[in-house]
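Any read-out appearing in this document is the output of simple, stated calculations on the displayed coordinates, not a laboratory observation. Small disclaimer: the values here were computed from a predicted structure and weren't measured. Here the Cβ positions follow ideal geometry from the backbone for every residue, glycine too, while neighbour counts run over all protein chains shown.
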């Protein structure tokens, strides 16, 4: 089973490094959509990912438009899920499938509104307390929560 984690314009190198480590540990593919707020050669990205980078299948896309075209041409039947605190549906309320794409937006702004509004059925949120003092979870934590829910649904394939 393989899922695809897509980071749209990530800004913080340590988050991306941590997400790469999570992807490597479960066999998920990682897609990075430019512009990136750092170089993937950045020492902070590598440090956060430790020595897991060699285990991660990474594809870098020049823009969100390029990524969407790539997905349409290569994986037309795969679902795309958009994660945002603004979504109505919870991340545990869907049955994930092999090959699904999980899109996460940049740390300071999230995903573009047109993605969320264009497909509310595939827009999902991770529940958190209803308190204006808590804006969102950390990006790398959010990815881990969603990825491990998918792995749980798949009964943790090839994992001990």
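State, to one decimal in nm, how far the label point of residue 98 lies from the label point of residue 134, with both points 7 Å from Cα in the Cβ direction.
The modelled label-to-label distance comes out at 3.6 nm.
From zero up to wherever the largest Cα-Cα distance of the range 61-110 sits, split into 5 Å bins and tell me the percent of pairs in each.
Spelled out bin by bin, the range 61-110 gives 5, 17, 24, 25, 18, 11, 0 percent.
Hey, fewest Cβ within 10 Å first, where do 22, 65, 16 land in order? Please report the intermediate quantities before stating the final value.
Working: 22 22, 65 10, 16 27.
Taking fewest neighbouring Cβ atoms as first place, the list is 65, 22, 16.
At residue 47 and residue 153, where each label point lies 7 Å from the Cα along Cα→Cβ, what is the point-to-point distance in nanometres?
3.6 nm
Give me the one-decimal Kirkwood hydrodynamic radius in Å for the chain, with the sum taken over alpha-carbon pairs. Provide the component values of the computation, followed by the final result.
Details: mean 1/r = 0.0633 Å⁻¹.
Its Kirkwood hydrodynamic radius stands at 15.8 Å.
Determine, for 84, 158, 25, the number of other Cβ atoms within 10 Å of each Cβ, and report the residues in order from fewest to most.
Listed from fewest to most nearby Cβ atoms, that is 158, 25, 84.
Post the alpha-carbon centroid distance, the range 131-160 to the range 9-24, in whole angstrom.
First find each Cα centre; the distance between them is then 14 Å.
What order do you get for 12, 19 when you list them from fewest to most C-beta neighbours inside 10 Å? Write out the running numbers ahead of the final one.
Working: 12 19, 19 28.
Result, fewest neighbours first: 12, 19.
What value, in deg cm²/dmol to 500, does the helix sum -39500 (n - 2.57) over DSSP H runs of n ≥ 4 give at 222 nm once divided by the residues of the chain? Let's see the in-between values first.
Values: 5 runs with 53 residues, N = 160.
Rounded to the nearest 500, the figure is -10000 deg cm²/dmol.
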